[in-house]
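Since the structure comes first, as structure tokens, the remarks are kept for the end.
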Amino acid sequence: MSNLLYKELKLSVHWFFFVLPIMLACLMFIPGWIYSFVFMYFFWISISQICAGYTARQDNSFNAMLPVTKKSIVQAKISAILIIQGIHIITALVFGIIHNHLYGQANWFFDINIAFFGMMTLLYAIFNVLFLPQYFKTAYFFGKPVILGVLVTLIYVFILEYGTFKYEFMRNIFEGDVMIQWIIVGIALALSALLMFIAVKKSIHNYESIR
Amino acid sequence: MCSKHTEGAKEMESLVVKNLTKKYEKFLLNDISFSIPKGFIMGFIGENGAGKTTTIKSLLNVIKKDSGSVYVLGKDIDQHEIEVKKDIGFVSGDSFYPKSKLKDITKVYKRFYPIWNETAYVKYIQLFNLDVSKKMDELSKGMKMKYSIALALSHHAELLILDEPTSGLDPVARDNLLEVFQSIVEDGNVSILFSTHITSDLEKCADYITFIKEGNMVESCSKDDLLDKYRIVNGTKDQLDSVKDHMITYKENAFGFNGLIKTDNIQNDDVNYGQPSLDEIMIYYAGKEVL
């Protein structure tokens, strides 16, 4: 699997998509904004371009030559996607800390706090569990799976951002006691791990069943 | 069919395919069986859409087969997929990573093979006049094919599976590549399965032929046996009635008829019989309904 991951990073996915999250993380410096957007650009820009890139680079033709299983092909592709999502989260975290030092934490919408990063990790897991198994049914068509993932994550982000803007009880949960925020992070990470487990299992099953 | 496959024969063969079946909504690859003895070239022929690529992709587990078994050098591919694939060099007409340099692709490719032989790789790169600093899309189709073959031979693949390697190449490049194939099998360690619809290529270099039509096996045997097994027959319209029931297909023209007949079915000595080419066997079969 490590050789396939090396192949993903070296040949299959353009280096630009590993740098883009760093550039997008600069948006964390905009004062008083909806910072979930920083994470959502991955769905709006990167993922469809990455999938189209697999086709344009004829990645499947090369995979067919290699002594690998379909399972490890899926695992490597998902690992590359998780690395990009990880760069999004880590760079946004670093720039978010700087943002809070410059402007303070208070925000009309969801604050840049530890609960925010927990919920953004869950955001990626929700997208992944919707998108990946659908995409790996063909490993070619990505339009409908991306639209499905984008719509559901938009609703998820709307609830979070509008809720913390409009309702005090949501502010109390997500922007209140730091201890509660850490509990939210714990729950979000556990849910993310569960959703990713399902996403990987279903993706492998779907890819192995391609006729 | 000319060939017979037995369990015991598997270990002497580079590739044994048994009862390979793959069903699509509008296409059935039906019960395909053939084998390649070690050190020989087998031509895998059929019209466009006959199921050649489907057979190759199914036997390599690139697409999921419905039933059947595949043994490479005596090992079942379903049970030893990674191990078996390390012994196979699969070269298709498809290109890959058009904007990547050959040296970058090689750097990735060789990581998958613990027995990668850098000396052999350099030898083949020089033999084929390849410039590794070039990008894939800067190579002609023939050069791309040679690069893929160089990769396959550098990890000591004992079975080369070539899917339409000569289609789209000019006659000089094709002849050049056929010479390469013949030199590869010379030492008796490497076997080649070579799918094509350009049968003249196989007249030059194949030892065995497997012929499929609309997903069904027609023949699998040595090229000489196959050519001996059929005869082109022609005669006048008056002679047609006496032989038409024995012919595979025939075509009538202003002067009489031409057709294909199995040598065993020759009964009438009045008409003219001749040696067919692979092309003619394929063309006459194209007009025959599959039973």
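The criterion of at least 2 residues that are at pLDDT 95 or above is met, among helices (runs of 4 or more DSSP H) falling completely within region A:95-211, by A:114-135, A:143-166, A:178-208. Just name the residue that is surrounded by the fewest Cβ atoms within 10 Å (Cβ to Cβ) out of those in region B:239-251 that are touching a helix residue (DSSP H, G or I) at 6+ places or on another chain (Cβ under 7 Å) and among the hydroxyl-bearing types (Ser, Thr, Tyr). The extreme case among them is B:Thr249.
The residues on offer are A:Ala56, A:Ala76, A:Ala25, A:Ala92, and the sole one that is under 27 Å from A:Tyr140 (Cα atoms) and open to solvent by less than 20 Å² (accessible area, probe 1.4 Å) is A:Ala76.
Consider B:Ile105 carefully, then state whether it is modelled with pLDDT of 90 or more and either assigned by TED's automatic domain parsing to the domain that holds B:Val185 or assigned to a helix (DSSP H, G or I) (or both). Considered against the rule, which asks whether it is modelled with pLDDT of 90 or more and either assigned by TED's automatic domain parsing to the domain that holds B:Val185 or assigned to a helix (DSSP H, G or I) (or both), B:Ile105 comes out as yes. Remark: pairs (first residue in region A:58-70, facing another protein chain (nearest Cβ under 7 Å) and part of a helix (DSSP H, G or I); second residue surrounded by fewer than 20 Cβ atoms within 10 Å (Cβ to Cβ) and among the acidic types (Asp, Glu); Cβ separation under 7 Å; 6+ apart in sequence or on different chains) = A:Ser61/B:Asp94.
Out of the residues in region A:128-159 that are among the hydroxyl-bearing types (Ser, Thr, Tyr) and surrounded by 21 or more Cβ atoms within 10 Å (Cβ to Cβ), state the one that is farthest from the chain's Cα centre (by Cα). Even if it seems obvious, please write down each step before you answer.
Restricting attention to region A:128-159, the residues satisfying the condition of being among the hydroxyl-bearing types (Ser, Thr, Tyr) are A:135, A:138, A:140, A:153, A:156.
After this cut, where a residue has to be surrounded by 21 or more Cβ atoms within 10 Å (Cβ to Cβ) as well, the list is A:135, A:153.
Values: A:Tyr135: 15, A:Thr153: 10 Å.
Top of the filtered list is A:Tyr135.
Scanning region A:160-211 for residues that are open to solvent by less than 50 Å² (accessible area, probe 1.4 Å) and either within 14 Å of chain B (Cβ to nearest Cβ) or hydroxyl-bearing (Ser, Thr, Tyr) (or both) returns A:Thr164, A:Ser192, A:Ser203, A:Ile204, A:Asn206, A:Tyr207, A:Ser209, A:Ile210.
Considering the conditions (1) open to solvent by 30 Å² or more (accessible area, probe 1.4 Å); (2) away from every other protein chain (no Cβ under 14 Å); (3) touching a strand residue (DSSP E or B) at 6+ places or on another chain (Cβ under 9 Å), B:Phe34 is excluded by exactly one of them, (1). Of the residues making up region B:114-146, those that are open to solvent by 50 Å² or more (accessible area, probe 1.4 Å) and assigned to a loop (DSSP other than H, G, I, E, B) number 7. Looking only at residues that are out of contact with any His (no Cβ under 9 Å at 6 or more places or on another chain) and farther than 18 Å from A:Met65 by Cα in region B:93-123, which one is nearest to the other protein chains (Cβ to nearest Cβ)? Looking at the filtered set, the residue picked out is B:Lys99. Of the residues that sit in region B:68-86 and are facing another protein chain (nearest Cβ under 10 Å) and under 21 Å from the mean Cα position of the chain (by Cα), which one is least open to solvent (accessible area, probe 1.4 Å)? Across region B:68-86, the extreme among qualifying residues is B:Val84. Could you go through region B:50-57 and let me know if any residue there is hydroxyl-bearing (Ser, Thr, Tyr), under 17 Å from A:Ser61 (Cβ atoms) and open to solvent by less than 20 Å² (accessible area, probe 1.4 Å). Within region B:50-57, none of the residues are hydroxyl-bearing (Ser, Thr, Tyr), under 17 Å from A:Ser61 (Cβ atoms) and open to solvent by less than 20 Å² (accessible area, probe 1.4 Å).
The values are calculated or read from the model by the stated rules, or taken from the named source; none is laboratory data. In this text, all values refer to a predicted model and were calculated from it rather than measured experimentally. Using ideal geometry, Cβ is built from the backbone for each residue, glycine included, and neighbour counts are taken over all protein chains shown. Calculation scope for accessible area: heavy atoms of the full protein, side chains included, ligands and nucleic acids excluded. Shrake-Rupley method; radii C 1.70, N 1.55, O 1.52, S 1.80 Å.
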